[in-house]
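The values are calculated or read from the model by the stated rules, or taken from the named source; none is laboratory data. None of the values given here were measured: they were computed from a predicted structure. Cβ placement follows ideal geometry from the backbone for every residue including glycine, while neighbour counts extend to all protein chains displayed.
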Amino acid sequence: MKQKRLSRVFGVIAIIIATLACNVSGNANETPNLQPPAELVTIVDTPNTPNYTQVPIQHQDMPVNLPQLQSGQASDQNSSVTADENKSNGGDRFTYEQFERPFSANTMDTYFPNLDIIDTYVFQDDTWIYGAIKVVDRSSVTIGPYRFAMQLDVQLDGKGDWLILVLNPSSTDWTTYGVQVYFDQNGDVGNLNPMLSDSGGGGDGFEQKVFDQGIGDDPDGAWVRVSPNDTNTIEIAVKRSLIGNPFAFMVNMWTGHNTLDPSMFDYSDHYTHEQAGAADPVFPNFYPIKSVYELDNSCRIAVGFQPTGNEPGLCFVPVITDQPGPTGPTCAAYGAACNSAPNGCCDNIPCSGGLCRYP
């Protein structure tokens, strides 16, 4: 009996050995084709899964049309006329935070008409402050998304306080898509000498984001659209209440690709003149542009107050020779509505286009 059991065991072993032998390649030296173990992938729940529900932002207040009367206007250099010479058409003064650089770095052989500001406008009503930026040509864009910005100085000291940054819009309908609002909470924009170069002394710029595409304390805080009247103009709207309801402020406009960075304000404080370069060959020690490129900005428009002419970055202020107007409590202040009478506004502010302002 014991012998029979051993015979069966040896028989099973023989069958197993024969089976294994059949699976061995005829070439004893052949290397087995071993595959690495499959990578283990952990599947996590994402916002795109059916179990996730996005709550749409409920907008209550939306801009409609810009007011008929402007609160200010400032033109800017058109560098398309000198682009074939690889230089700006004036207006580039790095030391004074004035940029006319819609060009590629170093060679300046690529000109970006979509970044070249030629005109800027400011409008306002009881709810909104509007900025309009006209460039040479938005239709010739050959690069990815680019940015526009409106900077406001509400302290009137040359240091930017608010920055409304927007991606290039695609529609004439107002949208919050691509719109962000930043605040300089620690006051380091402009450093020690606002609008003057403090090379190597730049801070963290506009470090506090208070609005991001409808997310914030007010989902209706800021908007952007393509002007329905001009495809080369974009319009920005920001709620007065979002930025502290300023009565008087200075404002200027910006364009740039990814070079338009809220953390880099003021640019002239983050670079030396040698590092930044210059866009005009009349400055041979610095020409061409280098680290500061594909960027343009405008001078600052005074809104709601009578400038002295000494405000940093201020646009040219014409000399007013009219006699001072009334100063009593019934006179119209800067930016207020007035009639055509020359003495309808306070002090020596002229009445222009139905508003107390400079022409």
Residue pairs meeting the criteria (Cβ under 7 Å; at least 6 apart or on separate chains; first not assigned by TED's automatic domain parsing to the domain that holds SER171 and crowded, with 19+ Cβ neighbours inside 10 Å, in the stretch 207-226; second outside any loop (DSSP other than H, G, I, E, B) and of a type in the set (Val, Ile, Thr)): none
field: Contacts under 6 angstrom Cβ, first residue in the stretch 104-115 being free of Cβ contacts under 8 Å to residues at least 12 places away in the same chain, partner not hydrophobic (A, V, I, L, M, F, W, C), 6 or more apart
entry: THR110/SER104
message: Which residue is surrounded by the fewest Cβ atoms within 10 Å (Cβ to Cβ), if the candidates are limited to the stretch 52-107 and must be farther than 22 Å from ASN258 by Cα and either among the acidic types (Asp, Glu) or in contact with a Cys (Cβ under 7 Å, 6 or more places away or on another chain) (or both)?
response: ASP84
Residues (hydrophobic (A, V, I, L, M, F, W, C) and assigned to a strand (DSSP E or B)) located in the stretch 284-317: ILE289, LEU295, ILE301, ALA302, VAL303, LEU314
query: Could you list, in sequence order, the residues of the stretch 244-283 that are within 26 Å of ASP119 (Cβ to Cβ), part of a helix (DSSP H, G or I) and not aromatic (Phe, Trp, Tyr)?
result: PRO262, MET264, SER268, ALA276
message: For the stretch 143-194, which positions are among the charged types (D, E, K, R) and surrounded by 17 or more Cβ atoms within 10 Å (Cβ to Cβ)?
response: ARG147, ASP153, LYS159, ASP161, ASP184, ASP188
